[in-house]
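*Asks:* Dropping a structure here in C-alpha cells format, bear with me for questions.
No lab work stands behind these numbers, since they all come straight from the coordinates. Keep in mind the model is a prediction, meaning the values are calculated, not measured. Cβ placement follows ideal geometry from the backbone for every residue including glycine, while neighbour counts extend to all protein chains displayed.
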Amino acid sequence: MTESGYAQFDTELGQCGVTWGPTGITGVRLPPATGTPTGTPPPAVSAAIDRMTALMNGDADDLTDVELDLSGLPEFNLKVYAVARAIPPGQTMTYGEVARAIGLPGSAQAVGQALGRNPCPIIVPCHRVLGADGKMGGFSAPGGSVTKLKMLAIEGAAPGGQPSLF
C-alpha cells in the first residue's frame, strides 16, 4: 500500500468505514460510519472490504491475514488484539480467558479496556470476547451490546446460550 485514505462500505450492520495507510488498515468504523471517502482503496484494502462484508453477511472468514497497521499502540493492547484475532467466527472467549492467554491472569478488566479501544473492529473481533459466564460485557461501538449481539448472531454464536434477537 502506498497511500492513505478512507472508504465506506455496506454490511448487514449498516454502513461501515475503513481507513488505511502505507503499511495496512489503520481503522474500521462500525455504523453509522461518517466521513468523506478519499480516493480508491488499493487492492489489499478492497479485498479486505469484500471479506468484511462477506463476514457480516454470514460467511465464516477469520480475516487473520488482513494486514493491519497498529503502530503506536501499547504492547499490552497488541497482545490482546492478537488473541482476539485468533478466535474463529462463531466462537467466543471470555475476558479472563484472553488475560490468561497473554500470560496475565487477573487482568480481565484491562483486557476489556484494551478491546474498548480497538481501532479495527470486525478484523480484530472484539465482539467475540464476552464477560464471565457468557455475559455480554461491554461494547464501545455505536449500538453497544445490541450491535455486539447482532454481530455474534450473524456469525452463529449464541453467547451464554442466549437466544438470538435477530
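*Asks:* To the nearest 10 degrees, how steep is helix 43-55 against the longest Cα principal axis of the chain, on a 0 to 90 scale?
*Replies:* 40 degrees
*Asks:* Can you tell me the orientation of helix 75-85 relative to the chain, as the angle in degrees between its alpha-carbon axis and the longest Cα principal axis, to the nearest 10?
*Replies:* Roughly 90 degrees between the two axes.
*Asks:* Would you pull out the residues with amide H under 5 Å of Thr11's amide H, same chain only if 5 or more places away, H placed 1.01 Å from N?
*Replies:* Cys16
*Asks:* For the chain, what is the calculated [θ] at 222 nm in deg cm²/dmol (nearest 500), taking -39500 (n - 2.57) for each run of four or more DSSP H residues and dividing by its residue count?
*Replies:* Helices in the chain give a 222 nm mean residue ellipticity of -9500 deg cm²/dmol.
*Asks:* Taking the highest mean first, how do the peptides 114-127, 60-73 order by number of other beta carbon atoms within 10 angstrom per residue?
*Replies:* Descending mean neighbour count gives 114-127, 60-73.
*Asks:* Count charges around Ala47 for me, please; just the other residues with Cβ under 14 Å from its Cβ, Lys/Arg as +1, Asp/Glu as -1.
*Replies:* Taking every Cβ under 14 Å from that of Ala47, the sum is -4.
*Asks:* When a/c reaches 1.5 or more, the comparison of a/b and b/c decides; with that in mind, is the chain rounded, prolate or oblate per its Cα gyration tensor?
*Replies:* In terms of gyration-tensor shape, oblate.
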